[in-house]
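Here is the structure we will look at, set down as structure tokens.
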Amino acid sequence: TPASADSHENFLQCLYNYPENTTSISSVVYTQTNSSYTSVLDVSIQNLRFFNATSKPVVIVTPLVVSHIQATIICAQRHGLQIRTRSGGHDYEGLSYVAGVPFVVVDLIKIREIEVDVENSTAWVQAGATLGELYYTISQKSKTLGFPGGVCPTVGVGGHISGGGYGFMIRKYGLAADNVIDAKIVDVNGNLLDKETMGEDLFWAIRGGGGASFGIVVAWKIKLVPVPSTVTVFRVRRTLEENATGIIQKWQRGANKFNESLTIRIKMERVNSSKSGNLTVEAQFESLYLGRVDDLIPYMQKSFPELGLVREDCTEMSWIGSILFMAGFPNGQSTDVLLNRTQSDGLFFFKAKSDYVRDPIPDVGLEGLWPFLYEDEAKDGYIQFTPYGGRMYEISESETPFAHRSGNIFHIQYIVFWREKGDVAAQRRVNWIRRLYNYTEAYVSKSPRSAYLNYRDLDIGVNNDGYTSFSQASIWGFKYFGNNFNRLARVKTRVDPRNFFRNEQSIPPLISQG
Ligand code: FDA
């Protein structure tokens, strides 16, 4: 039912009258006429493509307590509004705050407490906290505990952990979602559930299947992982003239087999050659080693001599120092910057895609990639390879919804950024990345061509408006989840049979929707 102005008014009345709202909700409800509406909406938008979206929420609620979440879920259903839940707002396609139907944004920015239990190496982290806030809080309590989540500190744990989540400890400890031991979620009936009361299947689904299809995640209980008090990082650059292709070729054959304390990721982008001044491609080898440089150098000389790593390339630091280093902050930066919820480089328009590679890409395949990076559209774009192996291979494909485990050598992200406004500028970049993606088809996983949910890409398929059929959703569903897509649909059928929690890429229930 389309929501009318009347029903919006009724929705608000419903919120204000909700019986269990002991803490008043009215101070955290923003309608379009509220003078703070725009700033509350914009503050967590991370992709300029969706900054001035025409389809804005009818109301934004920034809950302070769980009963505010419960009230919004109940009242939105009664009054014909959909819900989009936002934690950090990093969704690549803006699904946490843009919708083509009348909707409410539940923005968890005020639900972001973090409690670290050093003795038991666990923490409760509420969904609206960012990774930076989490890492900062852990580091305040212990120098030898960490968490294997993503690299960008402004990412929200609500979306990130429910979609998988990885960073430079992926080979040693797997995904963020692999380290969740309990969770709290409010379901479609407004019930607050934990691991025990939500049931094994729902607890399985929200650790990689995306939270948005199942309810509103309030908090995660996570396992903190041991990290040495001193770790080693490096970032070394090799251009095509310096045999980047050959080094990448060697990397493809070793990076998933190296010692699991070592993760070497590659970022390929175009630069002007310092020698000739001509355009060339540079591969940046960025790495975290959970150990000392004295051990790393001989290991690299034996296992990956082609890179030519020397001691001067490396820096020893604390684990939290490595978080700042990987996020691109200058040496000596205070850890306080991790508490900043806005990206340090400012905002860009961007579009990204992802792939998985099961057989090394031959030289001819790599050489065909470089011309894409020479194109003007790629000026602010890059291709990134992240190695798997280690812990990722020990976890079975069905243990969580995240199916990309053993057999995948590495993961690719393609991303293009731009700052010029307008459709023409956007279309040029989007066309570029689509052409690049067409090109790589021959070299990546097939049937299905896999993708990473947290690098959301609506090009790989979307649900029909209104009625969402399993077969339509299968087009994108098997790419993100492999055969786990079937189980996700069964869980959805149990917990949200009428498909209230839905979006362009939400899991459909298996029965007809009312
Ligand atoms: P956002 O709030 O936009 O939510 C994303 C999705 O999850 C939406 O569908 C939303 O409705 C849903 N959701 C959010 N909170 C929820 C909740 N509490 N309950 C239920 N559903 C909820 N990934 C990675 O693995 N490693 C990395 O290093 C990075 N780095 C990175 C950098 C930058 C700059 C960006 C923009 C993104 C990344 N990512 C990443 C991708 C990131 O993991 C992904 O976008 C996450 O879904 C973001 O979670 P947020 O809560 O910030 O997003």
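The values are calculated or read from the model by the stated rules, or taken from the named source; none is laboratory data. This is a predicted model, so every value here is computed, not measured. We place every Cβ from the backbone using ideal geometry, glycine too, and count neighbours over all the protein chains shown.
Computed values, structure above
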quantity	calculated
Pick from segment 82-119, criterion more than 12 Å from the ligand (Cβ to nearest atom) and out of contact with any Leu (no Cβ under 9 Å at 6 or more places or on another chain), ranking: nearest to Thr154 (Cα to Cα)	Glu113
Yes/no for Thr386 being closer than 16 Å to Gly164 by Cβ and buried (at least 16 other Cβ atoms within 10 Å of the Cβ)	yes
Test: residue in segment 339-354 that is in contact (Cβ under 8 Å) with a residue 12 or more places away in the chain, surrounded by fewer than 19 Cβ atoms within 10 Å (Cβ to Cβ), closer than 30 Å to Lys492 by Cβ and touching a Gly at 6+ places or on another chain (Cβ under 7 Å)	no
Cross-chain or 6+ apart pairs with Cβ under 7 Å, segment 29-40 first and free of Cβ contacts under 8 Å to residues at least 24 places away in the same chain and over 23 Å from Gln70 (Cβ atoms), then surrounded by fewer than 13 Cβ atoms within 10 Å (Cβ to Cβ) and hydroxyl-bearing (Ser, Thr, Tyr)	none
Matching entry among Ser213, Ser162, Ser229 (being of a type in the set (Gly, Ala, Ser), more than 13 Å from the ligand (Cβ to nearest atom) and at pLDDT 95 or above)	Ser229
Index of the failed condition, Thr38 passing every other in (1) more than 24 Å from Leu192 (Cβ to Cβ); (2) outside any helix (DSSP H, G or I); (3) of a type in the set (Val, Ile, Thr)	(2)
One residue from Arg112, Arg84 being free of Cβ contacts under 8 Å to residues at least 24 places away in the same chain, within 20 Å of the chain's Cα centre (by Cα) and surrounded by fewer than 24 Cβ atoms within 10 Å (Cβ to Cβ)	Arg112
Close pairs from segment 145-165: first among the aromatic types (Phe, Trp, Tyr), partner outside any strand (DSSP E or B) and within 6 Å of the ligand (Cβ to nearest atom), Cβ under 9 Å, at least 6 apart	Phe147/Gly167
Breaking point among (1) away from the ligand (no atom under 16 Å from the Cβ); (2) closer than 21 Å to Thr122 by Cα; (3) crowded, with 19+ Cβ neighbours inside 10 Å, for Ala219	(1)
Leading residue by the ranking (surrounded by the most Cβ atoms within 10 Å (Cβ to Cβ)) among those in segment 242-288 that are touching a strand residue (DSSP E or B) at 6+ places or on another chain (Cβ under 7 Å) and charged (D, E, K, R)	Arg265
Verdict on Ile138 being within 11 Å of the ligand (Cβ to nearest atom), at pLDDT 95 or above and buried (at least 20 other Cβ atoms within 10 Å of the Cβ)	no
Residue within segment 239-247 that is closer than 21 Å to Leu373 by Cα, in a strand (DSSP E or B) and either hydroxyl-bearing (Ser, Thr, Tyr) or modelled with pLDDT of 95 or more (or both) present	yes
